[in-house]
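Participant: Supplied in structure tokens, the structure appears directly below.
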Amino acid sequence: QVQLVESGGGLVQAGGSLRLSCAASGSIFSINVVGWYRQAPGKQRDLVASITPLGSRRYADSVKGRFTISRDNAKNTVYLQMNSLKPEDTAVYYCYLKSVATDMTYWGQGTQVTVSS
């Protein structure tokens, strides 16, 4: 069983920055895709960014150039550096891990990011 624990959310003014972290338990972190989704009130959960075991990155168009995803396999941790934040970035951010062996997706509990205008 994989457990994911996010941290780093909070309240920030527009134009500010936050760094989210997600620490994973278990031994499968380094061989699987990890990343972040977000869900705003009344909206569906959308992919923000993902990163493969070899470091290939994918971003939603809305965050390209502002957000950077990275991973530290030695620490079983994935990060999301968020710069130039906008009010529309306000959402609950969820870390996930997609197992290539079982095709299961594991989720963190979510962390709230609120950007004030």
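Participant: Per residue, how much accessible surface does the chain expose to a 1.4 Å probe? Answer in Å², no decimals.
Facilitator: Heavy-atom accessible area per residue stands at 53 Å².
Participant: Let me ask another. Arrange the residues Trp36, Trp107 by how much accessible surface each exposes, largest first, with a 1.4 angstrom probe.
Facilitator: Ranked from most to least accessible, the order is Trp107, Trp36.
Participant: Find the relative contact order for the chain and round it to a whole percent, using C-alpha pairs within less than 8 Å whose residues are 6+ positions apart.
Facilitator: 36 percent
Participant: Let's test the formula: R0 of 41 Å, r as the Cβ-Cβ distance of Ser117 and Asn73. What FRET efficiency results, to the nearest 0.05?
Facilitator: 0.65
Participant: With each pseudo-label sitting 7 Å past Cα toward Cβ, what's the Asn83-Arg58 distance in nm, one decimal?
Facilitator: 2.5 nm
Participant: Considering only protein heavy atoms, what is the solvent-accessible area of Thr77 at a probe of 1.4 Å, reported in Å² to the nearest 10?
Facilitator: For Thr77, solvent-accessible area is about 10 Å².
Participant: Just to check I understand the Karplus step: with θ = phi - 60° and J = 6.51 cos²θ - 1.76 cosθ + 1.60, what whole-Hz values come out for the stretch 78-84, glycine and proline as x?
Facilitator: Coupling constants for the stretch 78-84: 10, 10, 9, 8, 10, 10, 6 Hz.
Participant: Just reorder Met82, Met104 by solvent-accessible area, largest first, 1.4 Å probe, all chains present.
Facilitator: I get Met104, Met82, largest accessible area first.
Participant: Would you list, by chain and number, the aspartates and glutamates whose Cα falls below 16 Å from the Cα of Lys43, excluding same-chain residues fewer than 8 positions away?
Facilitator: In chain and number order, the partners are Glu88, Asp89.
Participant: Under 5 Å between amide H atoms, partner at least 5 residues away or on a different chain: which partners does Gln3 have, H built in plane at 1.01 Å?
Facilitator: Amide H to amide H, under 5 Å and 5 or more residues apart or across chains, Gln3 pairs with Ser25.
The values are calculated or read from the model by the stated rules, or taken from the named source; none is laboratory data. Keep in mind that what you see is a predicted model, and the values were worked out from it rather than measured. Using ideal geometry, Cβ is built from the backbone for each residue, glycine included, and neighbour counts are taken over all protein chains shown. Surface accessibility is based on the protein's heavy atoms, side chains included, excluding ligands, DNA and RNA. Shrake-Rupley method; radii C 1.70, N 1.55, O 1.52, S 1.80 Å.
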